[in-house]
Amino acid sequence: MLGDFIFGFQWWIVLLLIGVIFTPITYYLFPNFVDRGYIFSKSIGILFLSYLMLLVGIVHILPFSFFSLVLLLVLCAVLSIFAAKKYGLWLPLLKDLKPLSKWIVIEEVFFLIIFIFFSYVRSFAPDINGLEKFMDYGFVNSILRTTYFPPKDMWFTPLSINYYYFGHFITAVLTKLSLLESNYTFNLMIATIAGLTFASSFSIGINLYHKVAEKVGFFKIIIVGILSGLLVTFAGNLHVLYTLFLPYENEHPAPFWQLVFSPQTFPNSYWYPNATRFIYHTIHEFPIYSWTVSDLHGHVTDIPFVLLTIAFIYSLFLGYKKMSHEKKTPKTKKLLNTYYHIIRRDLPLSLVQTMILSLLLAVMYMTNAWDGLIYFLLALLLIAYLNWKELSQASLSIIQKLLNFVLGLIVPSVVLGLGLLIFSLPLSLFFKPFVSGIGILCAPSFLTSIGHIGPLLFEPNHCQHSPWWQLATLYGFFYFFIILLFIAFIKIKRLTKSDIFILMLTLIATLLIIVPEFMYAKDIYPDHYRANTMFKLVFQSFIMLSLVTGYAISRISIALKIKKTLLTRLMYIIFFFITLCLLTAVFTYPYFAIVSYYGNLKTYYGLNGTKYLDTKYPNDAKAIAWLNKNMK
């Protein structure tokens, strides 16, 4: 156990160093956050350092080595200092250091608590074995053996890895930089992602709430942040209600109200993976299931970057200032000049902010392709809102407003799209996509006889829809609070920016749930043809809805406390009781998952993910040791 603690401490020191180096840049990117986005300095640092290493490795400027990473980290430190000086950040940063110190300590402590917790949990079943762990571990080791990029595919050498491997790459970067072995860092990386997920969600939660109730007490803000972190990191869904009923007998689940209610036999042989395979032939996972089974897959490694992007887009929204059309679009000018005004300002962002957003989208694409597209859509939704908000107050005709709105959306789409394409070239230059078209569910016979129109596919016998009660079981917890929040919004005369941003997240998240009911991306799964599409979309939906729900609970509480009448007090008590019951339900899922997967946490094995080979496959273990020692 002492050795595991030392390795964990060594790993954390590297993360802390990276975060400190990138703190000035984070301070610049989150000027409207009460904590100045401190916790995101780790994610930003890991992202920039890894991307730079990939870039210089592809063009053969530097080999992939510990010394190259140290050199690049020093370069990042110099650039961070230069940027702080250029933008005049040193004095404000030093001035804010004292009030920010409480947030720095709190977020660092939360990160450490979750990191230590999941490191400890993993030590009861650390084996890199089963599910997709061999694949993930193989990619990490292949990257570690690489001198210049792209890395080789362990199955198809000398061909390069034809996969979204950036998440595996950052694991390899941290492995090399920490001077640890990958059979330890595989498990440490899972714990790191979980820790960053909680702390990042905490930061988003406190900043959403702080902009609504700036005079609220410090303790209440902390509670809201913790709730947001817990929901994103630990919440399950209402499938846990099946613990109170006798189990259904086959793989086709029945509504729980059709089963025998049997609380005396709780938990009724409840099997935690069923909550992620509830809808027939589909996958609908969520973060706590990912931490439990601990596959180091792209949808998992991308979560810190997803939360970083959500926070960054929200920060851009908070910092947006309305431009004046009155002064810059005189009536004597032609429409072309009006369009030039829109093109000239193209995005309500600076050039640096635009490039950073493009890089974030590209990195998400290289880590888990769907995520880059999903948050590209969120960015465009935000820009569309800002554009329409500004144009609605301008002295222009309806036609001019519509034309300006369309152009004001096309330009940023092109700018961000080009940025995404350019920044993702280190992957896309060597990558052949798996998707061969977009399938339409339940296509009529005259279309299935045609087969396809361009990228649209019309395949016969491809008609699956999710029953409403299954969708309600999976997402009813979230939408209960969302509906109440909308009712509260109706009664609130003026929405804050936080309210509007929450509406945007809700819209995107809802769209992601709806899309797999009508179409799917054609990939390598013939029978489970919409499984991967649903999986990648609703995983992000779950994250967004968790943030929305944390905000909704706090926002509704504020609304009920505004009028201190007997009725509102009674409503608050009822709301508090229902909320407590629902939270208890979704937070019981981690217990069933962790206890089941980790054997009731009875036997401590440590963090060595390949130690099991010594006892289960001793001859293979000796062969692997010889290969690692003698083969380059």
Worksheet item: With N residues in the stretch 109-205, what two-decimal value do you get for its Cα radius of gyration over 2.2 N^0.38 Å?
Response: 1.17
Worksheet item: Where only protein heavy atoms count, and the probe is 1.4 Å, what is the accessible area per residue for the stretch 493-604 in Å²?
Response: 47
Worksheet item: Cα-Cα over 20 Å: which of LYS389/LYS497; LYS602/LYS622; LYS42/LYS102; LYS102/LYS220; LYS491/LYS561?
Response: LYS602/LYS622
Item to complete: Starting from the exponent 0.38 and prefactor 2.2 Å, build the expected Rg for the stretch 50-91 from its residue count and divide its actual Cα Rg by it.
Response: 1.40
Worksheet item: Put +1 on the Cβ of each Lys and Arg and -1 on the Cβ of each Asp and Glu in the chain; which of PHE110, ILE221, CYS76 then has its Cα farthest toward the positive end of the dipole?
Response: ILE221
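At a Förster radius of 30 Å, what calculated FRET efficiency corresponds to the Cβ-Cβ distance of TRP469 and LYS389, to the nearest 0.05?
Between TRP469 and LYS389 the formula returns 0.20.
Kindly provide the Kirkwood hydrodynamic radius of the stretch 164-294 in Å, to one decimal, from all pairs of distinct alpha carbon atoms.
About 18.0 Å for the stretch 164-294.
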Worksheet item: What fraction of the Cα pairs in the stretch 471-622, stated in percent, has a spacing above 27 angstrom?
Response: 48
Fill in: the chain - charge dipole about Cα centre, Lys and Arg +1 at Cβ, Asp and Glu -1, debye rounded to 20
2620
Worksheet item: Taking a temperature of 4 °C and a viscosity of 1.567 mPa s, what whole-number D in µm²/s does Stokes-Einstein yield for the stretch 1-149 with Rh from Kirkwood over alpha carbon pairs?
Response: 74
Item to complete: For the stretch 564-620, restrict the atom set to alpha-carbon positions and state the Rg and Dmax in Å.
Response: 22.9, 75
Practice prompt. Would you give the gap between the C-alpha center of the stretch 431-505 and the C-alpha center of the stretch 188-240, rounded to a whole Å?
Written response: 26
Worksheet entry | Hull-based mean projected area of the stretch 364-474, where the convex hull spans the alpha carbons, in square nanometres | 11.4
Fill in: Per residue accessible area in Å² of the stretch 224-293, where ligands, DNA and RNA are left out and the probe is 1.4 Å
40
Worksheet item: Just checking the chain: which Cys have no other cysteine's beta-carbon under 4.7 Å?
Response: CYS76, CYS581
Worksheet item: Per-residue ellipticity at 222 nm for the chain, helices alone: DSSP H runs ≥ 4 residues times -39500 (n - 2.57), over residue total, nearest 500 deg cm²/dmol?
Response: -21500 deg cm²/dmol
Practice prompt. Provide the three semi-axes, in whole Å and in decreasing order, of the ellipsoid equivalent to the stretch 428-558 as defined by the square roots of 5 times the Cα gyration tensor eigenvalues.
Written response: 36, 17, 13
Discussion item. Rounded, prolate or oblate, given the Cα gyration tensor of the chain, with a/c below 1.5 counting as rounded?
Written reply: rounded
Practice prompt. Name the residues whose placed amide hydrogens come within less than 5 Å of the amide hydrogen of PHE245, ignoring near sequence neighbours (fewer than 5 apart) on the same chain.
Written response: SER262
Worksheet item: When the accessible area of the chain is computed with all protein chains present and a 1.4 Å probe, what percentage of it is carbon and sulfur?
Response: 70
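The values are calculated or read from the model by the stated rules, or taken from the named source; none is laboratory data. The shown structure was predicted, so the numbers you read here are calculated from the model rather than taken from an experiment. FYI the Cβ positions are ideal-geometry reconstructions off the backbone, even for glycines, and counts take in every protein chain you see. The protein model used for the area step is the full one, side chains on, heavy atoms only, and it has no ligands, DNA or RNA in it. Shrake-Rupley method; radii C 1.70, N 1.55, O 1.52, S 1.80 Å.
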